[in-house]
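Report on the following structure.
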Amino acid sequence: MDVSSRLGVLTSGGDAQGMNAAVRAVVRTGLHLGAEVFAVDDGWQGAVDGHIRALAWDDVGSILNRGGTVIGTARSADFRTRPGRLRAARNLLERGIDRLVVVGGDGSLTGTELFRTEWPGLLEELVATGGLDAATAAAHPELFVAGLVGSIDNDMVGTEMTIGADSALHRIVEALDAIASTAASHQRTFVVEVMGRHCGYLALMAAVAGGSDYVLIPESPPAPGWEEEMVDKLRESRAAGRRESMVLVAEGARDRAGAPITAAYVRGVLQDRLSEDARVTILGHVQRGGAPSAYDRWMSTLLGYAAAQEVLSAEPGGEPHVVGVRHNRITLLPLVEAVSATRAVATAVDAGDYAGAMAARGSSFTEMVRTYATMSRPPVATAPGPRRRVAVLHAGGLAPGMNTAARAAVRLGLDRGMTVLGVNGGFPGLIDGDVVELAWHDVEGWVGEGGAGLGTRRAVPEVEQLYALGRAIERLELDGLLIIGGFNAYLAAHRMVTERDRYPAFALPIVCVPASIDNNLPGSELSIGADTALNNIVEALDKIKQSASAAKRCFVVETMGRRCGYLALMAGLAAGAERVYLPEEGMSLAELATDTERMVASFRAGRRLFLAIRNETASDLYTTDVLARIFQEEGHGLYDVRQAVLGHLQQGGNPSPFDRILATRLVSHAIADLAGQLEAGTAEGRYLGLVGSDVVAHPLVHMDEEVDLSARRPRHQWWLGLRPAIEAVSRQGTPAGEALPVLRA
Ligand code: ADP
């Protein structure tokens, strides 16, 4: 890598939460790699106007928690013209910048590619007209670019998530929760318009996460006569016990003929045909605002880290890339193709090619459209034949999203003609026969509620309780078991399948769905509840960090996670911690000495804040208190140290949109698995999980191969590979020019 590289970063087009995390990571990774880094303020307009300034490490400190973009963004008419781009090229080259990371939507990236291809011609013209000397032009014959997609719409083809989409979903779902509570009090109907001109992602996912009754999205326009269908659906839901009605309309919703469907039109339909007073809420810019979600902080940090590496290592004549997310990993996409595929979807929607548009959105989007359609409508007719009895229970620690999962189990189970029994209080409740049959309306409102309505217990049935458990299963005439829970839930299920020889009652289909804030379950990269806990931690850290504005202070913060460091590491990435302590790595005296020296040196150098995050079991001896005292003692009054044990606030609160969507998706696979087994007459025990972006089933009998039973966590944990990014973006002073690991899959 050429250490004399000069790298520019700009944010362009619509702003999106998480852009700051990306900018911070680009800047700091660039500095680590030995580059000089510059901000181009206000998008391409800043290039045209020469608003370009060098950035140092601290210039991008304390910005992770801020919405918008601290380097400004704009839509630039000048940059759309060749004279504008000539000025931009000259201004960049005045500072020797020929490498750029551009964070923006498909428009900004289109402009980027045009600029890149024009670059040699622009330089030639500048030299010819005296705007640039020939030597400078000759030294920078090529412009190297990398794109990051900043767009709350999540509309870029080829990347699973764009920067800002998760935060926008947070804003929408917070609003829907708030509206639902007032709507339910008055039995009212609300029509809510959300952003998304060509992409229904926000509307669809918000409808799933918010438990809305009906959704209208651009890619899947409703059939003619949809008004009647919508009204019927709302009536049926009301008859089945729903107190409020909510219709979501994407900004770009349209009918099959291509005519726009507005929120006002939907309201009129509801008033005329339902004789009900409907209220319209247009969420508008609220969706772009507010603090970025945990995901938009950690993922954007990884994206920025990867983009700086990509653009600084680009070789002459290479293809430019967009750095995106695929299968939950950082991935490189060819920029030109990603942008043109994205534009093609918009064109397909406008041209009425809805099948093409849906195909471009990918299989999990299509799957969600189907799941949503099933969940939002009470089942009309029950399947013929005997109703199979499936019990749903929680076990293990509480995880936000357990209610969402139980609700999905009830509604999707009923749809498949099952009788769904809710078990109160985990395995002890099952042994006592404490079950209730759940109807469609019994789980009304559960979609967004924290806690667990059915209750959860950590207890795993002891050997001497297995007989009673078997008897309870027989007495209740259960045909299948859905277990939504954490590590102990999996242990219990594993015990059941391995004890089938002795207890034939356990020979029924058993499916486990991962729900644990610790994210320590086998067969799933993410478990239900972990994202909520991470958001809780990040919000708490924002407040803790703010409380330190006056003094020089070190915070030692302890997170949950049991023997899994997921929450600590990801919170470290998302909140910009200088150091994280994980149980997977342990803690040693030698390391503590180095850490302390580093910390003291950084305070001496003018740093005001140092954040260390310690998982609750990182070490038996070096507890949070011991760690804080060591740091305090070694500071000799240079700074003070505060400790915060975050405790149960991590498990509380309503589930995040991601956890609601994950719960719904995993349970829809679990119910399909159970239904398939009941149909086929098999009795497999399985655990389901998210692997990359797919839902995969694993046999419970082989669980011990995947799990380190003594450490109570999976043997392989994908996220441990993300650690180098923390060092690169949070730890100042690592020698510049050092090679950094590449994170790409
Ligand atoms: P987004 O990047 O969010 O899609 P826009 O489409 O408004 O937003 O694009 C942002 C900016 O990128 C524009 O104001 C313009 O400066 C630049 N840009 C977009 N398309 C082009 C283009 N075809 N040629 C040159 N510049 C463009």
Filtered hits (aspartates and glutamates, Cα-Cα < 12 Å from K552, offset >= 8 within chain) -> D640
May I ask you to order 92-102, 502-512 by the average number of other C-beta atoms within 10 Å around their residues, highest value first?
-> 92-102, 502-512
Taking a quarter of the surface of the convex hull around the Cα atoms of segment 579-701, what do you get in nm²?
-> 11.8 nm²
Heavy-atom accessible surface of segment 165-287: percent carbon and sulfur, 1.4 Å = 51 percent
Positive-end residue of H716, P334, T419, charge dipole of the chain with Cβ unit charges = T419
Honestly segment 537-599 on the Cα gyration tensor test (a ≥ b ≥ c root eigenvalues; a/c under 1.5 rounded, otherwise a/b vs b/c for prolate or oblate) is just oblate
What full-extension length gain, to one decimal in nm, is calculated for A259 and R715 as 0.36 nm per residue of separation minus the Cα-Cα distance?
-> 158.8 nm
Computed Kirkwood radius, in angstrom, where 1/r is averaged over Cα pairs of segment 118-190 | 16.9 Å
So E474 and R608, fully extended at 0.36 nm per residue minus their Cα-Cα distance, gain in nm 41.9 nm
Neighbours of F115 by Cβ distance under 11 Å: Lys/Arg at +1, Asp/Glu at -1, summed charge +2
Cα→Cβ-extended label distance, 7 Å offset, between A134 and R66, nm = 4.5 nm
Sum of -39500 (n - 2.57) over DSSP H runs of 4+, divided by residues of the chain (222 nm, nearest 500) = -13000 deg cm²/dmol
Pair R642, V463: separation of 7 Å Cα→Cβ label points (nm) | 5.1 nm
Roughly how many Å is it from the Cα centre of segment 289-359 to that of segment 96-166, as a whole number?
-> 15 Å
Principal axis dimensions, segment 1-42 - Cα atoms, whole angstrom, descending | 33, 16, 12
Please sort 9-17, 237-245 by packing, taking for each peptide the average over its residues of neighbouring beta carbons within 10 angstrom, highest first.
-> 9-17, 237-245
If you place +1 on the Cβ of every Lys and Arg, -1 on the Cβ of every Asp and Glu, and leave all else neutral, what size is the dipole of segment 530-651 about its Cα centre, to the nearest 20 Debye?
-> 440 debye
Multiply the residue separation of A351 and R744 by 0.36 nm, subtract the distance between their alpha-carbon atoms, and state the gained length in nm to one decimal.
-> 137.9 nm
Given +1 on the Cβ of Lys and Arg, -1 on the Cβ of Asp and Glu, and no further charges, what dipole in debye does segment 561-716 carry about its Cα centre, rounded to the nearest 20?
-> 580 debye
Alpha carbon convex hull of segment 229-354, projected area averaged over orientations, nm² = 12.1 nm²
Computed for segment 247-325: size of charge dipole around the Cα centre, +1 on C-beta of each Lys and Arg, -1 on C-beta of each Asp and Glu, debye to nearest 20, value 340 debye
Taking the highest mean first, how do the peptides 442-450, 700-708 order by number of other beta carbon atoms within 10 angstrom per residue?
-> 442-450, 700-708
The answer for the net charge of residues other than R686 whose Cβ lies under 13 angstrom from its Cβ, with Lys and Arg +1 and Asp and Glu -1, is -3
Computed over the chain, protein heavy atoms only, probe 1.4 angstrom, the accessible area per residue in square angstrom equals 36 Å²
For segment 395-457, the Rg and Dmax computed from alpha carbons only, in angstrom | 11.2, 30
Taking N as its residue count, the alpha carbon Rg of segment 583-638 over 2.2 N^0.38 Å | 1.14
Sum of side-chain charges, I483 neighbourhood, beta-carbon under 14 Å (Lys, Arg +1; Asp, Glu -1) = +2
Based on the Cα coordinates of segment 387-518, what is the per residue volume of their convex hull in Å³?
-> 84 Å³
Based on the Cα atoms of the chain, what semi-axes does the equivalent ellipsoid have, where each is the square root of 5 times one gyration tensor eigenvalue, given in whole Å with the largest first?
-> 45, 35, 21
Residues in segment 222-261 that a label on R273 would reach, taking backbone N under 13 Å of a point 7 Å out along Cα→Cβ | 222-236
Please report, largest first and rounded to whole Å, the three semi-axes of the ellipsoid equivalent to segment 466-549, where each semi-axis is the square root of five times an eigenvalue of the C-alpha gyration tensor.
-> 39, 11, 10
Answer rounded, prolate or oblate for segment 165-287, using the Cα gyration tensor with square roots of eigenvalues a ≥ b ≥ c: rounded when a/c is under 1.5, else prolate when a/b is larger than b/c, else oblate.
-> oblate
Residue (of M230, A263, G200) at the positive-pole extreme of segment 160-305, dipole from beta-carbon charges | A263
Normalise the Debye intensity by I(0) for segment 19-132, one equal point scatterer per Cα, no solvent, then take log10 at q = 0.14, 0.20 Å⁻¹ and round to two decimals.
-> -0.58, -1.11
Base-10 log of normalised Debye intensity for segment 8-79 (one unit scatterer per alpha-carbon) at q = 0.13, 0.16, 0.27 Å⁻¹ = -0.34, -0.51, -1.21
Relative contact order (%) - segment 165-287, alpha-carbon pairs under 8 angstrom, separation at least six | 37 percent
If you average 1/r over every pair of different alpha-carbon atoms in segment 530-651 and take one over that average, what Kirkwood value in Å do you get?
-> 14.2 Å
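The values are calculated or read from the model by the stated rules, or taken from the named source; none is laboratory data. Owing to the predicted nature of the structure, the values given are computational and were not obtained by experimental measurement. As a convention, Cβ positions derive from the backbone with ideal geometry for all residues, glycine included, and neighbour counts pool all protein chains shown. SASA here: full protein model, heavy atoms, side chains in, ligands and nucleic acids out. Shrake-Rupley method; radii C 1.70, N 1.55, O 1.52, S 1.80 Å.
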